[in-house]
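Data first, discussion second: the structure below is written as structure tokens.
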Amino acid sequence: MSNNRHADKPQPLVVDEAGTDLDLGTVRAFVAVTEDRYFGEVAARLGISQQAVSKRIAKLEADLGVRLLVRSRNGADLTEDGRAFLAHARALVGIADQALDALRSRRRALRVDVLDTRLSSVDLIRAFHQTVKDADIEVITSNGLRSARRALVHGSVDAAVARVTGPLEDDLRHVPACLEPLHLLVGRDHPLADRRAVEMAQLSGSTVWMPGNVPGSEWAEFYCSLGAEFAIRLDTSGPDFGWEHYVEGIGSGEHIGFVGERMRVPWHPRTVQIPIIDPAPAYPSSLVYHRQNRHPALAPFISFVVNNVPSFDPRRQWLPEPDRAAFAAASAPRQD
């Protein structure tokens with residue numbers, strides 16, 4: 001075989017009689033060069049030196065017995081042999097990455113995103129863990145659906161417990177998961193403090209302090225709907241210094257507030273938590289996940305949520321209109 005063959009003329013791959021085992025690192029470097037064109041950029045991308053990139057390409061060409069790339073000031077271009085090999089190289093790298101992802105997904109914990117570890121969403125995750133004791137779970141907090149949906153698409157979390165508003169990305173799915181009844185939080189000197197329950201009508205015209213209601217968030221939308229429905233004003237003045245500060249403000253008698261029935265509110269000697277009835281407002285959350293996520297613990301988690309969805313009774317409970325249909329359908333008796 002001549003060493004002066006034309007670079008653009010395709011040549012058969014030369015393999016020794018014992019066969020050639022391709023080094024995946026060299027194949028990955030080749031694919032990266034076809035995408036970035038410059039060896040320096042590929043070196044930064046792969047975290048190796050530019051000389052190491054050159055050596056990997058040279059080794060791959062030596063193993064295959066063909067020239068794959070032509071280098072110039074304008075970067076690296078493919079030869080005809082390089083073009084012929086590129087699709088197979090991408091397939092090799094893709095299969096290797098899939099294999100690694102599958103292995104990592106079996107070993108790492110199921111990552112579940114929640115808004116706050118004080119919320120009842122953590123009780124749901126804990127109940128699942130008690131049922132499937134060998135499931136390793138990592139709870140991650142975020143700022144709600146806005147960041148969780150991006151994390152789900154990119155695979156940095158496997159599931160999220162959040163109230164769903166508006167359309168989701170095409171590959172995201174959700175199932176109803178939690179209904180958190182709301183309680184009224186007041187100071188001990190408040191006129192309602194001695195009540196065993198408070199009717200929604202009694203709160204009409206009241207101002208409820210909610211400094212954590214971030215504009216555009218799914219929970220701010222929920223409380224805006226609640227306020228509009230029952231003539232309740234929302235005071236979102238802040239700043240939001242956290243739950244201890246919030247409870248301190250309620251205990252001082254300056255404000256009244258809403259908290260979840262099962263929420264782990266910091267204890268304060270001057271606060272009282274009272275159920276709200278007729279109707280009982282409930283904060284809805286769904287389990288959101290990516291349909292292509294293959295973490296082995298995700299499918300059992302989804303099944304657990306579907307089989308334990310809380311019942312919704314529209315005669316005594318209140319949900320915003322967009323949430324009612326999903327929770328009513330999920331809690332309806334199943335047909336065998």
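The values are calculated or read from the model by the stated rules, or taken from the named source; none is laboratory data. Quick caveat: nothing in here was measured; it's all calculated off a predicted structure. As a convention, Cβ positions derive from the backbone with ideal geometry for all residues, glycine included, and neighbour counts pool all protein chains shown.
For this structure, a couple of remarks:
- All positions within segment 283-336 that are hydrophobic (A, V, I, L, M, F, W, C), closer than 16 Å to Thr165 by Cβ and not in a loop (DSSP other than H, G, I, E, B): Leu287, Val288, Ala325, Ala326, Phe327
- Residues of segment 221-240 satisfying the condition of being of a type in the set (A, V, I, L, M, F, W, C) and either surrounded by 18 or more Cβ atoms within 10 Å (Cβ to Cβ) or touching a residue at least 12 places away in the same chain (Cβ under 8 Å) (or both): Phe222, Leu226, Phe230, Ala231, Ile232, Leu234
- Assessment of segment 181-191 against the conditions (in a loop (DSSP other than H, G, I, E, B), in the same structural domain as Ile274 (by TED's automatic domain parsing) and of a type in the set (Asp, Glu)) yields at least one matching residue.
- Residue within segment 256-273 that is surrounded by fewer than 19 Cβ atoms within 10 Å (Cβ to Cβ), in contact (Cβ under 8 Å) with a residue 40 or more places away in the chain, assigned to a strand (DSSP E or B) and not hydroxyl-bearing (Ser, Thr, Tyr) present: yes
- Residues of segment 106-148 satisfying the condition of being closer than 28 Å to Trp267 by Cα and basic (Lys, Arg): Arg118, Arg126
- Taken over segment 118-139, the residue count meeting the criterion of being outside any helix (DSSP H, G or I) and touching a residue at least 24 places away in the same chain (Cβ under 8 Å) is 9.
- In the condition set (1) assigned to a helix (DSSP H, G or I); (2) more than 15 Å from Ile256 (Cα to Cα), Val175 is compliant with all but (1).
- Residue check, Asp278 assigned by TED's automatic domain parsing to the domain that holds Asp194, surrounded by 14 or more Cβ atoms within 10 Å (Cβ to Cβ) and of a type in the set (Asp, Glu): no
- Options Asp313, Asp278, Asp240, Asp235; residue that is more than 30 Å from Asp158 (Cα to Cα) and modelled with pLDDT under 95: Asp313
- Pairs are defined by a Cβ separation below 9 Å, a sequence spacing of at least 6 or placement on different chains, a first member in segment 192-203 that is farther than 16 Å from Ile250 by Cβ, and a second member that is assigned to a helix (DSSP H, G or I) and of a type in the set (D, E, K, R); the pairs so defined are Met200/Glu229.
For every residue, the table says whether it meets (1) part of a strand (DSSP E or B); (2) in contact with a Gly (Cβ under 6 Å, 6 or more places away or on another chain); (3) in contact (Cβ under 8 Å) with a residue 60 or more places away in the chain; (4) crowded, with 17+ Cβ neighbours inside 10 Å.
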residue: Asp81; (1), (2), (3), (4): no, no, yes, yes
residue: Ala84; (1), (2), (3), (4): no, no, yes, no
residue: His88; (1), (2), (3), (4): no, no, no, no
residue: Ala96; (1), (2), (3), (4): no, no, yes, no
residue: Leu100; (1), (2), (3), (4): no, no, no, no
residue: Asp113; (1), (2), (3), (4): yes, no, no, yes
